[in-house]
1. Which pairs turn up if I take residues in segment 183-197 that are assigned to a helix (DSSP H, G or I) and open to solvent by 30 Å² or more (accessible area, probe 1.4 Å) and look for partners that are aliphatic (A, V, I, L, M) and at pLDDT 90 or above with beta carbon separation below 7 Å, at least 6 apart in sequence or on another chain?
2. Residue by residue through segment 267-279, note down the ones that are at pLDDT 80 or above and either open to solvent by less than 60 Å² (accessible area, probe 1.4 Å) or of a type in the set (Lys, Arg) (or both).
3. Working carefully through the options LEU263, LEU321, find the one that is in a loop (DSSP other than H, G, I, E, B), open to solvent by 10 Å² or more (accessible area, probe 1.4 Å) and either in contact with a helix residue (DSSP H, G or I) (Cβ under 6 Å, 6 or more places away or on another chain) or among the aliphatic types (A, V, I, L, M) (or both).
4. Could you check PHE139 against (1) closer than 16 Å to ALA105 by Cβ; (2) at pLDDT 85 or above; (3) out of contact with any Cys (no Cβ under 6 Å at 6 or more places or on another chain) and say which number it fails?
5. Does at least one position in segment 218-229 carry a residue that is β-branched (Val, Ile, Thr), in a helix (DSSP H, G or I), surrounded by fewer than 17 Cβ atoms within 10 Å (Cβ to Cβ) and modelled with pLDDT of 80 or more?
6. Which pairs turn up if I take residues in segment 258-287 that are over 26 Å from TYR163 (Cα atoms) and look for partners that are open to solvent by less than 60 Å² (accessible area, probe 1.4 Å) and β-branched (Val, Ile, Thr) with beta carbon separation below 9 Å, at least 6 apart in sequence or on another chain?
7. One residue is enough: does segment 199-213 have a residue meeting the conditions open to solvent by less than 60 Å² (accessible area, probe 1.4 Å), at pLDDT 80 or above and not aliphatic (A, V, I, L, M)?
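The values are calculated or read from the model by the stated rules, or taken from the named source; none is laboratory data. Quantities reported herein were computed from a predicted structural model and do not represent experimental measurements. With ideal geometry, Cβ positions are generated from the backbone for all residues, glycine too; neighbour counts draw on all protein chains shown. Note: areas computed on protein heavy atoms with side chains; ligands, DNA, RNA excluded. Shrake-Rupley method; radii C 1.70, N 1.55, O 1.52, S 1.80 Å.
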Amino acid sequence: MISEILILVISFVVLLAIGVPVAWSIGLSCLFTMLASLDSLVAFTTIAQRMGTGLDSFSLLAIPFFILAGQIMNQGGIARRLIDFAKALIGSMPGGLVYVNVIAAILFGAISGSAVAAASAIGGILGPPMEKENYSKEFGAAINITSSTTGMVIPPSNVLIVYSLASGGVSIASLFLAGYIPGILMGLALMLAASVWIKKKKYPAGNSTSFKKILSTFFNAFPSLLLLVVVIGGIVSGVFTATEASGIAVIYCLVLAIVYRELDRKILFKVFLDSVGTTAIVMLLIAASMSMSWVMSYENIPQVVSDTLLSLSDNKFVILLIINLLLLFVGIFMDVTPAVLIFTPIFLPVMENLGVDPIHFGIVMVMNLCVGLCTPPVGSVLFVGVGVAKTSIQKVIKPLLPLYVVMFLVLILITFIPAISLWLPGLFE
């Protein structure tokens, strides 16, 4: 068993190090591991079978629909109306555009569930006016990158759906409800950190606004905000499942985009094409990760890890801290989706043995891995944010460092106070 574990870990690390895409690295390392203990035909057949059955889940149908809904929001004028509302609400404050970025990310994330889409849309819209008002391009990019990750926790979140699958069926509705307070708390903490920077740089107040403008932008954004009530309200009340809600979200966003007259045939074709490309990447990652989860189970790796961790301490908070540190390290080198699929079957049984609620652990795990989205070398949101801002990673790292600290502190708070995640789901039990 030790030799198979070494083959799995070493081959995976080496493949990543030489630049092989993550999905291929996962699949090939699984294949090499199986070849060490099974005949080649059986090994190839088993890996292919596990990749196929890994995608055979009704819950996974929600992911392509939510991806499509996010793309329609981005291209159909929905995101811009949310940003306009946020600007009217708090844009007149000193350094207001920075706060607008965070508020818009929370609103956009609460509807699209995509950190990359939020970073792209909000950065593209707010970048030029921030630069025009002499905001630091690098700090603006740093705020955009970190605040966009709130969409991974605030529902509807594709990653929480993936966690539900990997955990063996934790309620998606409960996970969605559990994500609200942690996601908003992260946004508020980032705004607090930004306020220190704003005072230090003495950014001026933005253009004055009026109650009339706030009201008009609110009514423009209201149909978009209503989507949140329809989707989450429908899931929580049991009117439809998360998968059915994702289809409703697509239809709703499509109707809105047509009403706004910002989605012609050419743009719609691009939206479908981009959605298919993103879905293909995500599904390949899920298929490969599910095969790795099976291989690790076959080699009894979860039990080995569980015994090792429990031998260190029987205090759940000590183990949670250790797992947090391990996941922060993992997040630097691996994207959120494969990390959730691979490590949930390893760490969740340990947490359940110690009495940790799987809903609470899911939120902790996803928020932890969100930090990795903002860090090199594989942070997808980092690359998108830097690209949209037309700057470099080297320049953005300095303003990102204090924001990393803030994200870590919020993560620790959520880890050690389970009620932050569990209070809202508890109201609907």
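1. LEU185/VAL410; LEU185/ILE420
2. ILE267, LEU268, LYS270, VAL271, ASP274, SER275, GLY277, THR279
3. Result of the check over LEU263, LEU321: LEU263.
4. (2)
5. The answer is no; no qualifying residue exists.
6. TYR260/ILE78; GLU262/ILE78; LEU263/ILE72; LEU263/VAL271; LEU268/ILE72; VAL271/ILE72
7. No, segment 199-213 contains no residue that is open to solvent by less than 60 Å² (accessible area, probe 1.4 Å), at pLDDT 80 or above and not aliphatic (A, V, I, L, M).
Rundown of residues vs (1) open to solvent by less than 30 Å² (accessible area, probe 1.4 Å); (2) at pLDDT below 80, yes/no style:
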{"site": "SER380", "(1), (2)": "no, yes"}
{"site": "PHE383", "(1), (2)": "no, yes"}
{"site": "VAL388", "(1), (2)": "no, yes"}
{"site": "VAL396", "(1), (2)": "yes, no"}
{"site": "ILE412", "(1), (2)": "no, no"}
{"site": "PRO418", "(1), (2)": "no, no"}
